[in-house]
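First the structure, in the form of structure tokens, and then the observations on it.
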């Protein structure tokens, strides 16, 4: 079993809800325990390690650690699993709940440490350390490939939901020295290149986001879906294409629902809803002289223009006039260039190009992108316009075929945040309902999303 798949599958049955982490600099040191375990667990032959029963150890801090070996097809790992701690930060007007042990040792609780080795040779592959109680955020170390240097250096990665914010950072210490080295000493060696802020989110910053989510949830149950449906500036349900009143069961489509959300942000400030025609107007650079020929029949940029116009209005009203500009609200930067992709039950590292003009971001990198955005800007959420290329290429045998064009075919609101327990969440609102991020990602796998930034409101009244 490939290494990455082994690790992910072993954790797949656990949940991080309820954990309350400390700033990672306060993780209690377990280096003395690793010194004691080095010969009997970390360097012992694979057969003997795998035959050893799990044990429970207690650190000087009083925290419990379960030491166990877990076996895959080609690799095995030795896990120093910290006890999962429950608790809640004092946020949202609720008192904090002190940290207390749960008796659970999932393997990724904050401070957990693991060594992955090959079963046939016992060769060490990498060390993984969890600085947060989140199986998808961790640092890991790999031996240096060059034998002349391996005794002096190793390589470090920092991974968030499959995105490598740090990749192959040289650390001036041998890989085996990490077996017994205190964690904080290791991180000091990484210096300023270690992405500290992404391991220390503060749930307090997401208070308004949690309130906004609750307000949307309280109102969304009264909405229905209707193809091409929206609410105009007078509060009437109409069709976006011709502005005619809806006569059957009124409702909203994905575009009309995005407008409903933005109207809910702006009405408490302006006292009115947005008009529909300006939202369909072209916004910013997109397309070419070739795509212009198909704007009327294919309308390829409708979704992109719609979210840009909505974002311009929202940022202009809730922030200030200069923020109406495209380069102020369109997401165009990212912090990683590699992602883990599941290919036939094997996690493979791929390069990630980041933002592509007129396409946005590949869906395979959306999860780590939203994680880093949530920490870089805790006071925003995002409208996403999903897009891909449609149509068969025109060939000599298909002279009348529709040309292959990139089209923006769906809109959703993505709200990344940290809950009161410090766990990372992504809420998805689309087409007059709340769905799941996994569902959204699965439906648009292999495609792209363009993102625009929307300020989190203090009031919501659509």
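How about region 300-333: which of its residues are outside any helix (DSSP H, G or I) and without any contact (Cβ under 8 Å) to a residue 60 or more places away in the chain?
Within region 300-333, 320, 325, 332, 333 qualify.
In the list 186, 204, 159, which residue meets the criterion of being buried (at least 20 other Cβ atoms within 10 Å of the Cβ) and in contact (Cβ under 8 Å) with a residue 60 or more places away in the chain?
Details: 186 fails: in contact (Cβ under 8 Å) with a residue 60 or more places away in the chain; 204 fails: buried (at least 20 other Cβ atoms within 10 Å of the Cβ).
That would be 159, the only listed residue that is buried (at least 20 other Cβ atoms within 10 Å of the Cβ) and in contact (Cβ under 8 Å) with a residue 60 or more places away in the chain.
Matching residues to (1) outside the structural domain of residue 286 (by TED's automatic domain parsing); (2) modelled with pLDDT of 95 or more; (3) crowded, with 21+ Cβ neighbours inside 10 Å:
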position: 333; (1), (2), (3): no, no, no
position: 339; (1), (2), (3): no, no, yes
position: 348; (1), (2), (3): no, no, no
position: 357; (1), (2), (3): no, no, no
position: 362; (1), (2), (3): no, yes, yes
position: 366; (1), (2), (3): no, yes, yes
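Which of the residues that make up region 421-447 are in a loop (DSSP other than H, G, I, E, B) and touching a residue at least 40 places away in the same chain (Cβ under 8 Å)?
From region 421-447, those in a loop (DSSP other than H, G, I, E, B) are 421-423, 431-432, 436, 444-447; that's our starting set.
Scanning region 421-447 gives 421, 422, 423, 431, 432, 444, 445, 446, 447.
Answer with yes or no whether residue 400 is at pLDDT below 90, assigned to a strand (DSSP E or B) and over 19 Å from the mean Cα position of the chain (by Cα).
Details: at pLDDT below 90: yes; assigned to a strand (DSSP E or B): no; over 19 Å from the mean Cα position of the chain (by Cα): yes.
It is false that residue 400 is at pLDDT below 90, assigned to a strand (DSSP E or B) and over 19 Å from the mean Cα position of the chain (by Cα).
Just a yes or no: is a residue in region 82-96 in contact with a strand residue (DSSP E or B) (Cβ under 7 Å, 6 or more places away or on another chain), loosely packed, with under 13 Cβ neighbours inside 10 Å and free of Cβ contacts under 8 Å to residues at least 60 places away in the same chain?
Scanning region 82-96, I find at least one residue that is in contact with a strand residue (DSSP E or B) (Cβ under 7 Å, 6 or more places away or on another chain), loosely packed, with under 13 Cβ neighbours inside 10 Å and free of Cβ contacts under 8 Å to residues at least 60 places away in the same chain, so the answer is yes.
Being at pLDDT below 95, more than 27 Å from the chain's Cα centre (by Cα) and in the same structural domain as residue 420 (by TED's automatic domain parsing) is the requirement here; does residue 247 meet it?
Numbers: at pLDDT below 95: yes; more than 27 Å from the chain's Cα centre (by Cα): yes; in the same structural domain as residue 420 (by TED's automatic domain parsing): yes.
When the stated conditions are applied, residue 247 passes them.
Any residue at all in region 25-46 that's surrounded by fewer than 18 Cβ atoms within 10 Å (Cβ to Cβ), outside any loop (DSSP other than H, G, I, E, B), at pLDDT 95 or above and touching a helix residue (DSSP H, G or I) at 6+ places or on another chain (Cβ under 7 Å)?
Checking region 25-46: at least one residue is surrounded by fewer than 18 Cβ atoms within 10 Å (Cβ to Cβ), outside any loop (DSSP other than H, G, I, E, B), at pLDDT 95 or above and touching a helix residue (DSSP H, G or I) at 6+ places or on another chain (Cβ under 7 Å).
Among the candidates 428, 415, which residue alone is assigned by TED's automatic domain parsing to the domain that holds residue 373, surrounded by fewer than 20 Cβ atoms within 10 Å (Cβ to Cβ), within 17 Å of residue 214 (Cβ to Cβ) and touching a helix residue (DSSP H, G or I) at 6+ places or on another chain (Cβ under 8 Å)?
Working: 415 fails: surrounded by fewer than 20 Cβ atoms within 10 Å (Cβ to Cβ).
On inspection, the qualifying residue turns out to be 428.
Given the conditions (1) at pLDDT below 90; (2) within 20 Å of residue 233 (Cα to Cα); (3) buried (at least 17 other Cβ atoms within 10 Å of the Cβ), which single one is not true for residue 302?
So the condition that residue 302 fails would be (1).
Give me the strands (runs of 3 or more DSSP E) completely within region 50-125, filtered to those with at least 2 residues that are under 18 Å from residue 33 (Cβ atoms), ordered by residue number.
On the way: elements: 55-58, 64-71, 75-82, 85-88, 97-101, 113-118.
Passing ranges, in order: 55-58, 64-71, 75-82, 113-118.
Yes or no: residue 297 farther than 30 Å from residue 423 by Cα and either in contact with a helix residue (DSSP H, G or I) (Cβ under 7 Å, 6 or more places away or on another chain) or modelled with pLDDT under 90 (or both)?
Here the answer is yes, as residue 297 does meet what is asked.
Consider residue 107 carefully, then state whether it is buried (at least 21 other Cβ atoms within 10 Å of the Cβ) and in contact with a strand residue (DSSP E or B) (Cβ under 8 Å, 6 or more places away or on another chain).
Working: buried (at least 21 other Cβ atoms within 10 Å of the Cβ): yes; in contact with a strand residue (DSSP E or B) (Cβ under 8 Å, 6 or more places away or on another chain): yes.
When the stated conditions are applied, residue 107 passes them.
Answer yes or no: is there a residue in region 255-272 that is part of a loop (DSSP other than H, G, I, E, B), at pLDDT below 95 and more than 30 Å from residue 371 (Cβ to Cβ). First the steps, then the outcome.
First, the residues of region 255-272 that are part of a loop (DSSP other than H, G, I, E, B): 271-272.
Next cut, at pLDDT below 95 only: none.
No, the conditions are met nowhere in region 255-272.
The values are calculated or read from the model by the stated rules, or taken from the named source; none is laboratory data. As the structure is a computational prediction, the values presented were derived from the model and not from experiment. All Cβ positions, glycine included, derive from the backbone under ideal geometry; neighbour counts span all protein chains shown.
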